[in-house]
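Heads up, the thing below is written out as structure tokens.
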Amino acid sequence: MNADGRTRLNQTSEWTALAKHREELGDVQLRELFAADSGRGTAYTLRVGDLYVDYSKHLVTDDTLRLLRELAAATDVFGLRDAMFRGEKINTTENRAVLHTALRAPRDAVIEVDGENVVPGVHAVLDNMADFANRVRSGEWTGHTGKRIRNVVNVGIGGSDLGPAMAYEVLRAFTDRSLTVRFVSNVDGADLHEAVRDLDPAETLFVIASKTFTTIETVTNATSARGWLLDALGDEAAVAKHFVALSTNAEKVAEFGIDTANMFEFWDWVGGRYSYDSAIGLALMIAIGPDNFREMLEGFRIVDEHFRTAPAESNVPLLLGLLGIWYGNFHDAQSHAVLPYSHYLSKFTAYLQQLDMESNGKYVGRDGREVEWQTGPVVWGTPGTNGQHAYYQLIHQGTKLVPADFIGFARPVGELGDRLKAQHDLLMANFFAQTQALAFGKTPQEVRAEGVPEELVPHKTFKGNHPTTTILAPELTPSVLGQLVALYEHKVFVQGAVWNIDSFDQWGVELGKVLAKRVEPALTEGAEVEGLDPSTKALVATYRELRGR
Ligand code: F6P
């Protein structure tokens, strides 16, 4: 029994039933499942918004799905979901509400935190952002010397970088191509150097994105960016025209020297990795314009509403979360690949890594006890078809089970032109061929029938049975991006709820931050730093020697 009165997850009858069911299924083959049910390819599909989701190529039967849903019911996933949407403080270790869904709520919605409706504030900030974005885009907002802003550099890290950077790539075709938009995150000076080396400071706007405004990487890069600007413009007053801040911490913003009139606010109930549809999306909004940004928010909202209201049988985030649990907890899968067949989604999986791994990479449950079951998977992947020529070999013929999501689009992005649009069918032929090959493989008989010499038959045989979800959308639009992100946000939520972990804190990131601060004087001044282990001590000494200190 848990301290909170709940039965330990792995002692519930629902968990035990799933473990037994897994044993009974043994090494059930997708070939068998499809042979037994000719309607499976259409029956095991769902729609949400513009997304067509095929989960037929999973190692599941109706019984599996029912048992998984029973687990969700026993762990009260929908109860926690409702508490989240209501603004209850479900992030218990930080005593905070979890309300990224309020960021895309309609103007007339009422969502209260501590008795206060947060929705008017959300829309006030969105309106301010839109006003500012329009002024930059139109040239009305100029730099200190009166030159038009042509470059926008977002400085932030983690959730203050990955979301807007990802979405900017995804929606490139919707951006104002006359603007140069770049993202700087790494405290490695090379990142800022490469981002600004060919830019004119008089035409450059820095957007400093940091929820806390204390993150060392961001504050360091922002300070260097200010130095770079002032070296060229030579007047402190220039900062007001070239720096804006996105933060929850007005005090620190002012301390840094940015006028809080140039600050776009958000709130502690928005987690960093859930924040790019808040003020953190300002650079994105400048790039794509307020209308496209709002269309993206509508996409989020479609999936929020679906997650909030759809019954368990047709609830897509619930289904995807439960499928992950099926593989992670009952098949020992360690990782989960997300493989988008769109070059524009090149940063999508990197974004999901933070969303998923920072949320569910936890071994302590909400009750403060260590869990006795696997939690979040390693999330990885890059766009097809590139991955096919790199690591798909391991997925097809390696020894590890890698469940994967394939994300593709029926129509190519409009501006590609006819010649490049014609390549889209080849891209998508690969998309469909891969999930088929992964599911059904190639039997030794099929290989022999091709006249392959006997000694090569085992090498050319594909066992198949590799589970995949296919997500197909008509076209990559701002709304579809919002739908996809919300889908994964809620999938991660479902898994955290079942595993009984707090998906909204990130204490694990803190230790490294604290240690880095402690080690730095040893590098710069050769200071005797307490608590350095012998290996690190020797490494630091070698570093200083190589650095010429
Ligand atoms: O990496 C830890 C983290 O706290 C993330 O959760 C967050 O997105 C990132 O740092 C950046 O934090 P901030 O926006 O406060 O600079």
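Annotations
- Across the chain, Cα-Cα pairs more than 46 Å apart make up 19 percent of the total.
- Per-atom-type breakdown for the chain gives carbon and sulfur 51% of the accessible area (1.4 Å probe, protein chains only).
- Heavy-atom accessible area, probed at 1.4 angstrom with all protein chains present, ranks Trp326, Trp267, Trp373 as Trp267, Trp373, Trp326, highest first.
- Counting only DSSP H runs of at least 4 residues, each contributing -39500 (n - 2.57), and dividing by the residue count of the chain, the helix-based mean residue ellipticity at 222 nm comes to -13500 deg cm²/dmol.
- Segment Arg66..Asp127, full-extension length gain: 17.5 nm, with 0.36 nm per residue of separation and the alpha-carbon distance subtracted.
- Cα centroid separation - segment 350-385 against segment 135-178, whole Å: 31 Å
- FRET efficiency for Ser346 and Thr45, using Cβ-Cβ distance with R0 set to 25 Å, rounded to 0.05: 0.40
- Descending principal axes extents, segment 103-288, alpha-carbon based, whole Å: 48, 33, 29
- Between Asp425 and Asn386, the modelled labels are 2.6 nm apart [label points 7 Å from Cα along Cα→Cβ].
- Between Ala538 and Thr212, the FRET efficiency estimated from the beta carbon spacing at R0 = 51 angstrom works out to 0.90.
- Each Cα pair under 8 Å and six or more residues apart adds its separation to the average, and for segment 300-431 the resulting relative contact order is 29 percent.
- Local electrostatic count at Lys20 - Lys and Arg +1, Asp and Glu -1, tallied over other residues with Cβ under 12 Å: -3
- Using heavy atoms of the protein chains and a probe of 1.4 Å, the accessible area assigned to Leu511 is about 120 Å².
- Over segment 1-77, accessible surface divided per residue gives 50 Å², non-protein components excluded, 1.4 Å probe.
- Label-zone membership for segment 242-286, site Glu112, 7 angstrom Cα→C-beta point, backbone N under 19 Å: 269
- Charge tally around Tyr168: other residues with Cβ under 11 Å, Lys/Arg +1 each, Asp/Glu -1 each, net +1.
- Relative contact order, whole percent, for segment 103-288 stands at 28, derived from Cα pairs under 8 Å and 6 or more residues apart.
- Shape summary of segment 79-188, radius of gyration then Dmax from alpha carbon positions: 17.9, 56 Å.
- Cα centre as origin, Lys/Arg/Asp/Glu Cβ charges: the chain dipole, Debye: 820 debye
- Segment 427-457-segment 404-423 distance, computed between alpha-carbon centres (Å): 26 Å
- Across the chain, the mean sequence separation of Cα contacts (distance under 8 Å, 6 or more residues apart), normalised by length, yields a relative contact order of 18 percent.
- The Cα center of segment 17-45 and the Cα center of segment 265-333 differ in position by 29 Å.
- Shown is the FRET efficiency for Arg308 and Asp332, computed with R0 = 30 Å from the Cβ-Cβ distance and rounded to the nearest 0.05: 0.40.
- Positive minus negative residues near Asn249 (Lys, Arg vs Asp, Glu; Cβ under 14 Å): -2
- Dipole axis of the chain (+1 Lys, Arg; -1 Asp, Glu on Cβ), positive-most option in Leu126, Trp141, Ala449: Ala449
- Accessible surface, segment 103-288, averaged per residue in Å² (probe 1.4 Å): 37 Å²
- Span-rule helices in the chain, defined as complete DSSP H runs reaching 30 Å or more along the axis (Cα) with Kyte mean at least 0.0: 478-499
- Entries in Lys400/Lys460; Lys241/Lys513; Lys20/Lys442; Lys517/Lys537; Lys147/Lys241 that, when Cα-Cα distance is taken, lie over 20 Å: Lys241/Lys513; Lys20/Lys442
The values are calculated or read from the model by the stated rules, or taken from the named source; none is laboratory data. Fair warning: this is a prediction, and the values are worked out from it, not measured in the lab. Every residue, glycine as well, gets a Cβ built from its backbone with ideal geometry; the counts of neighbours run over all protein chains shown. Please note that ligands, DNA and RNA were not included when accessible areas were found on the heavy atoms of the full protein model with its side chains. Shrake-Rupley method; radii C 1.70, N 1.55, O 1.52, S 1.80 Å.
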